[in-house]
Structures are given as C-alpha cells and as structure tokens.
Amino acid sequence: MIELIDIKKNGIIEEANIRIPKNSKVVLLGSNGAGKTTLLYLLSGVYLPDSGVIKMGKGEFNFPLKLVDYRRYFQFLRNNIFFIENTTIFHEKFSIEQNIKYFTSMDEYEMDKIWELYSQFKVNENPSKIFKNISKGTKQKLIAILAIASKKQYLLLDEPTLGLDNESKLLFYKTIKLLNKTIIISTHDIESISDFDLVYNCESNHLVEVKNYENI
Amino acid sequence: MRIFKLLRTHFLYESFELRTRFLGNILALLLYFGLIIFSISQRSYFIERSNYDNITIASFIYFIIIIRMITGGMSSPYNVIEKEVNKHKLYHKYTLIRYGCENLIFLRISSKIIKSLLINSITTLGLLFSLNLIYDISNYLILFFPLLIGMFSVSVIGYLVAIIGIVLDLKREMVSFIQIIIVVVFLQVKSFNLLFPFSVIRSEINGIITSDIVFAEVYKNNLSTVGYLIVTFILSLALCYGILYILGIVLRYKKIKGDYFQHEIDTK
C-alpha cells in the first residue's frame with residue numbers, strides 16, 4: 001500500500017493525498033508541467049517533499065525528515081522501489097549488452113526474463129551495438145524490459161510507452177497487468193487507461209482521482 | 001558480500017569505459033611506459049654531485065610530488081561528482097542502485113585517486129631511475145604511504161569544493177579558480193603543524209626524499225607520526241563519505257522548478 005498525506009513540493013505539488021492499495025496498477029494523467037513527473041520523483045526519492053507523510057508498505061515517513069530517518073528512508077527506497085525516468089539513464093558509449101550487464105549488476109533482476117523479454121519485445125538489434133546508435137523506440141523497449149524483470153515491489157515509470165510501436169505498447173500493458181506488484185505510470189496515452197485500477201489526473205498542481213474516464 | 005558486489009559493479013564500469021576508448025587508452029599507455037623505459041635506458045650518471053646539487057634535485061623532486069599530490073587529490077572529487085551528478089544523473093537512478101549512490105561515487109573517486117597515485121609514483125620512480133638518483137628503493141616504498149594518505153586528506157577539501165560547485169551550480173572555471181587558490185594556501189602552510197595534517201605529510205615526504213637523495217640513508221619512521229597519519233587517513237575517509245552523504249540530502253531538497261521544466265523539454 002502507498003499513501004500520500006498532504007504532500008507538498010515547492011509549488012509544483014500542492015497537498016497531494018492519494019491511497020494506492022497493494023498490487024494496484026495506477027496511471028497518472030495530465031498535461032505537460034502538471035506535476036506527474038514531480039510526483040514520481042517524490043515517490044522515488046529523487047527529490048524529498050517539503051512537508052507531508054508518505055506511507056509505503058510498513059514504512060511511514062514524515063517530511064521534512066529527521067536526520068536519523070534519512071538512512072532508513074533511503075534504504076527503504078533502494079530495497080523496494082524501481083524508478084526509471086527516461087532513456088538518458090543509459091550510458092550512450094556502452095553497448096546494449098554492456099548497459100544491461102551494468103544495470104543488472106547494481107540491483108536484483110530476473111536475469112532469465114531479461115533475454116526472454118528481449119526477444120518478446122522484438123528488439124531487432126545486435127546486443128553489441130553501441131547505445132547511441134540505436135533508435136529511441138528500442139531504448140524505450142529496454143526500459144520496459146528492465147522494469148518488468150525487476151524484483152522490486154513498486155514500479156514507477158515515467159511515460160514508459162513513449163516512442164513504442166503499437167505491438168510493443170500492447171505487450172507492455174498486458175505484461176505489467178499480470179505482475180504481482182504495485183505499478184504507477186505517468187502517460188499521455190489515454191487509450192490504455194482502462195487497463196488500470198486507478199486513474200489520477202494532475203490538474204493545476206493537485207491530484208484528482210478520475211472515476212469516470214469519459215470526462216477526460 | 002555487499003562490498004564485493006559493489007566492487008564488481010565498479011570494475012564492470014571501469015572495464016566498459018576502458019573498452020569504449022580501447023585504442024586511445026592502449027596507445028597512451030604504450031607511449032607512457034615507452035617514455036619511461038626509454039628514459040631509464042638513457043640514464044645519466046652524475047658522478048660528481050655536490051651537496052648543493054643534491055639539495056636542489058631533492059627540492060625539485062619534492063615539489064613535483066607535492067604538486068601532483070595536491071592537484072590529483074583536489075580535482076578528482078569534483079571531476080567524478082560533476083560527471084556522475086550532472087552527466088550520468090546518478091541521483092535520478094538512485095532506486096536502481098541497491099548499494100547506494102554515495103557508495104558508488106565514493107568508490108569511483110577513491111579508485112581515481114589511487115590510479116592517479118600509481119601514475120604519479122611510476123612517473124617519479126622513472127624520473128629518479130633515469131637520473132640515477134635512487135640510493136635505496138625501500139625509501140620509495142615507504143613514500144607510497146604518506147602519498148596515499150596525503151591524497152585522501154587533500155581530497156576532503158576537493159569534496160568540499162565539489163559540493164559547493166554542484167549545489168551552487170558554479171561553472172567549471174570558477175571551481176578550478178577556487179582549487180588553485182586552495183593549492184596556493186596548501187603550499188604556504190608551515191611544516192609540521194599538527195593541526196594541519198597536510199603539513200605533517202609534507203614534512204614526512206620531504207624527510208624521505210632528503211634521506212635518500214641528500215643523506216643517502218634509509219628513512220626511519222617515527223611511530224607517533226605513523227599513528228598520526230593512520231588516524232588522519234581514517235578521518236579523511238569518514239569526512240569524505242559524510243560530505244557525499246550530505247550532498248545527496250541537499251540535492252534532494254533543492255528547489256526543482258528549473259530542473260522540472262528542463263525535464264519536460266527533454267521528454268518532448
């Protein structure tokens with residue numbers, strides 16, 4: 001379960017209050033600059049909220065954090081959250097295989113699944129190809145592969161289907177639906193929202209739960 | 001176990017980095033060792049060396065070592081932190097690094113310092129061999145330890161400069177200017193001031209070089225100085241790690257409006 005109570009971040013997020021049950025699939029919608037990415041940053045610890053409370057699983061964290069709580073908070077994030085922002089996280093001069101090896105050496109992944117997904121997502125590139133020479137769509141597929149193969153309980157993904165072809169997009173949504181994990185994604189991809197348990201819309205720095213999709 | 005996994009990740013990164021510029025790296029290494037071997041093979045013999053010559057040579061070698069030590073220790077933290085934070089966006093990958101960003105950056109900087117130390121030591125030894133100045137090689141093995149401790153203690157200031165540069169978004173030129181001022185301050189400090197570990201390390205290095213080149217004897221370590229240096233080393237490591245930890249917290253509390261819109265532009 002993830003619960004945010006009165007979370008604020010310097011004017012971008014104003015009093016966010018959400019409650020996400022365990023293993024829910026959540027989508028964040030909203031126009032550019034509405035605060036979707038910031039919310040993911042706050043949940044993943046890239047930035048810390050100015051005030052409010054975050055409850056995740058057994059952990060409860062009051063912001064601003066006390067000095068003694070930093071270590072506990074960061075450890076909790078490292079052990080439970082998987083957050084990928086965009087393709088810039090990869091090393092452009094490394095090959096596909098080297099990037100995968102490097103990232104998987106830093107965290108826990110289901111290694112067999114990675115190469116299985118590599119062929120399922122039809123990544124038609126030689127793994128020894130240098131990363132800067134591959135297309136944006138292929139880079140995005142690699143993000144999807146890493147996310148699905150991660151052993152973490154909470155997956156946070158910022159526009160994971162950006163640049164994916166329709167077939168890969170469908171495969172991605174189909175696969176994450178089957179995962180026994182809490183997944184939060186931000187997207188502009190309105191057609192796919194029926195696949196999710198909860199839909200939040202970011203509007204003028206506030207989060208609003210959307211119950212009737214036709215309003216969007 | 002965790003430290004081994006972290007080391008594995010680091011060596012994997014180093015090996016991939018090496019492979020990306022394989023030809024350039026191999027050529028540079030060949031040129032470097034070629035020059036050293038060539039200098040040693042052409043070594044000259046100063047048969048008649050006066051005390052004045054010896055003191056001049058010792059001062060020259062000492063000065064080279066100290067300058068290399070300060071610049072290496074001072075610049076490595078900023079170079080690594082700037083690259084990891086601004087270019088590789090390491091804090092944005094925080095949750096993908098189970099062993100911690102701080103640990104990874106700390107390991108990268110330490111590895112860079114050690115590499116720089118090895119290059120400095122080999123260059124100095126090559127220079128001394130080629131000038132046929134070595135009386136007893138054991139003096140230079142002893143020299144390795146104050147050099148290592150010196151680089152790590154200087155790096156504390158390098159970490160501080162780096163954190164100021166990154167948090168205030170200073171330009172590289174400005175950071176280099178601050179570093180140069182600090183190098184000058186370091187060179188001005190009087191020898192053997194116990195409140196300033198660098199001065200003790202400097203005296204120790206001077207003592208070793210003078211013993212070998214001027215007095216032609218094996219340097220005898222003072223036990224209390226060795227203890228002092230070990231404490232300095234441990235404190236330096238702890239301070240460096242602490243500074244990195246604080247950097248992580250400060251970056252997360254930083255106002256994000258600018259970064260936020262930049263991200264939106266990047267993803268469009």
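Can you name the residue in region A:174-186 that is surrounded by fewer than 20 Cβ atoms within 10 Å (Cβ to Cβ) and not hydrophobic (A, V, I, L, M, F, W, C) and is also farthest from the other protein chains (Cβ to nearest Cβ) among such residues? First the steps, then the outcome.
Of the residues in region A:174-186, the ones surrounded by fewer than 20 Cβ atoms within 10 Å (Cβ to Cβ) are A:174-175, A:177-181.
Subsequent filtering for residues that are not hydrophobic (A, V, I, L, M, F, W, C) retains A:174-175, A:177, A:180-181.
On the way: A:174: 24, A:175: 19, A:177: 22, A:180: 19, A:181: 14 Å.
Only one residue tops the list, namely A:174.
Any residue that is more than 7 Å from chain B (Cβ to nearest Cβ), modelled with pLDDT under 90 and under 27 Å from residue B:104 (Cα atoms) - is there at least one of those in region A:27-37?
No, there is no match, as no residue in region A:27-37 is more than 7 Å from chain B (Cβ to nearest Cβ), modelled with pLDDT under 90 and under 27 Å from residue B:104 (Cα atoms).
Exactly one condition in (1) farther than 23 Å from residue B:217 by Cβ; (2) assigned to a loop (DSSP other than H, G, I, E, B); (3) in contact with an Asp or Glu (Cβ under 9 Å, 6 or more places away or on another chain) is false for residue B:93; which is it?
Among (1) farther than 23 Å from residue B:217 by Cβ; (2) assigned to a loop (DSSP other than H, G, I, E, B); (3) in contact with an Asp or Glu (Cβ under 9 Å, 6 or more places away or on another chain), the lone unmet condition for residue B:93 is (2).
Inspect all residues belonging to region B:41-55 and state whether any of them is without any contact (Cβ under 8 Å) to a residue 12 or more places away in the chain, of a type in the set (Val, Ile, Thr) and under 25 Å from residue B:121 (Cβ atoms). Spell out how you get there, then give the answer.
So the first thing to find is which residues in region B:41-55 are without any contact (Cβ under 8 Å) to a residue 12 or more places away in the chain, and the list is B:41, B:47-50, B:52-53.
This time we only want the ones that are of a type in the set (Val, Ile, Thr), so: B:47.
Now narrow it down to the ones that are under 25 Å from residue B:121 (Cβ atoms): none.
Scanning region B:41-55 turns up no residue that is without any contact (Cβ under 8 Å) to a residue 12 or more places away in the chain, of a type in the set (Val, Ile, Thr) and under 25 Å from residue B:121 (Cβ atoms).
Does residue B:73 meet the test of being buried (at least 22 other Cβ atoms within 10 Å of the Cβ) and touching a residue at least 60 places away in the same chain (Cβ under 8 Å)?
Answer is yes for this residue.
Residue by residue through region B:232-268, note down the ones that are outside any helix (DSSP H, G or I) and modelled with pLDDT of 50 or more. First the steps, then the outcome.
Start the filter on region B:232-268 by keeping residues that are outside any helix (DSSP H, G or I), which leaves B:254-256, B:268.
Those that are outside any helix (DSSP H, G or I) and modelled with pLDDT of 50 or more: B:254, B:255, B:256.
Can you find a residue in region B:192-208 that is surrounded by fewer than 18 Cβ atoms within 10 Å (Cβ to Cβ), over 13 Å from residue B:146 (Cβ atoms) and among the aliphatic types (A, V, I, L, M)?
So far as region B:192-208 goes, yes, one or more of its residues are surrounded by fewer than 18 Cβ atoms within 10 Å (Cβ to Cβ), over 13 Å from residue B:146 (Cβ atoms) and among the aliphatic types (A, V, I, L, M).
Only one of A:74, A:103 is part of a helix (DSSP H, G or I), of a type in the set (Phe, Trp, Tyr), buried (at least 20 other Cβ atoms within 10 Å of the Cβ) and within 7 Å of chain B (Cβ to nearest Cβ); which? Before you say what the answer is, go through the steps one by one.
Numbers: A:74 fails: within 7 Å of chain B (Cβ to nearest Cβ).
Unique residue meeting the criteria: A:103.
Please verify whether residue A:40 is in contact (Cβ under 8 Å) with a residue 40 or more places away in the chain, within 13 Å of chain B (Cβ to nearest Cβ), not in a strand (DSSP E or B) and not small (Gly, Ala, Ser), treating the condition exactly as stated. Before the answer, list the steps.
Values: in contact (Cβ under 8 Å) with a residue 40 or more places away in the chain: yes; within 13 Å of chain B (Cβ to nearest Cβ): yes; not in a strand (DSSP E or B): yes; not small (Gly, Ala, Ser): yes.
It is true that residue A:40 is in contact (Cβ under 8 Å) with a residue 40 or more places away in the chain, within 13 Å of chain B (Cβ to nearest Cβ), not in a strand (DSSP E or B) and not small (Gly, Ala, Ser).
Filter region A:11-28 down to residues that are of a type outside the set (D, E, K, R) and more than 21 Å from residue A:148 (Cα to Cα) and give me whichever is surrounded by the fewest Cβ atoms within 10 Å (Cβ to Cβ).
At the first step, the residues of region A:11-28 found to be of a type outside the set (D, E, K, R) are A:11-13, A:16-18, A:20-21, A:23-24, A:26-28.
If we keep only those that are more than 21 Å from residue A:148 (Cα to Cα) as well, we get A:11-13, A:16-18.
Values: A:11: 12, A:12: 22, A:13: 25, A:16: 24, A:17: 14, A:18: 19.
Per the stated criteria, the residue is A:11.
So, in region B:197-231, of the ones that are assigned to a helix (DSSP H, G or I) and among the polar types (S, T, N, Q), which residue ends up nearest to residue B:109 (Cα to Cα)? Working first, answer last.
Here is the first cut: in region B:197-231, the ones assigned to a helix (DSSP H, G or I) are B:197-213, B:223-231.
After this cut, where a residue has to be among the polar types (S, T, N, Q) as well, the list is B:199, B:203, B:206, B:210-211, B:224-225.
Values: B:199: 23, B:203: 26, B:206: 26, B:210: 31, B:211: 32, B:224: 29, B:225: 26 Å.
It comes out as B:199.
Can you name every residue in region A:77-92 that is more than 9 Å from every other protein chain (Cβ to nearest Cβ) and either surrounded by fewer than 23 Cβ atoms within 10 Å (Cβ to Cβ) or outside any loop (DSSP other than H, G, I, E, B) (or both)?
Taking region A:77-92 as the starting set, the residues that turn out to be more than 9 Å from every other protein chain (Cβ to nearest Cβ) are A:87, A:90, A:92.
Selection gives A:87, A:92.
So if I check each of B:55, B:26, B:36, B:40, which one is assigned to a helix (DSSP H, G or I), away from every other protein chain (no Cβ under 14 Å) and more than 29 Å from residue B:206 (Cβ to Cβ)? Break it down into steps so the answer makes sense when it comes.
Details: B:55 fails: more than 29 Å from residue B:206 (Cβ to Cβ); B:36 fails: more than 29 Å from residue B:206 (Cβ to Cβ); B:40 fails: more than 29 Å from residue B:206 (Cβ to Cβ).
Result of the check over B:55, B:26, B:36, B:40: B:26.
What is the number of the single condition among (1) closer than 30 Å to residue B:242 by Cβ; (2) within 14 Å of chain B (Cβ to nearest Cβ) that residue A:62 does not meet?
Evaluating residue A:62 over (1) closer than 30 Å to residue B:242 by Cβ; (2) within 14 Å of chain B (Cβ to nearest Cβ) leaves (2) as the failure.
Condition check ((1) more than 30 Å from residue A:57 (Cα to Cα); (2) modelled with pLDDT of 90 or more; (3) within 11 Å of chain B (Cβ to nearest Cβ); (4) in contact with a strand residue (DSSP E or B) (Cβ under 8 Å, 6 or more places away or on another chain)) across all residues:
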{"residue": "A:94", "(1), (2), (3), (4)": "yes, yes, yes, yes"}
{"residue": "A:155", "(1), (2), (3), (4)": "no, yes, yes, yes"}
{"residue": "A:159", "(1), (2), (3), (4)": "no, no, yes, yes"}
{"residue": "A:194", "(1), (2), (3), (4)": "no, no, no, no"}
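The values are calculated or read from the model by the stated rules, or taken from the named source; none is laboratory data. Everything numeric in this text was worked out from a predicted model, so none of it was measured. Quick reminder, even Gly has a Cβ in these numbers, built from the backbone with ideal geometry, and neighbours come from all protein chains shown.
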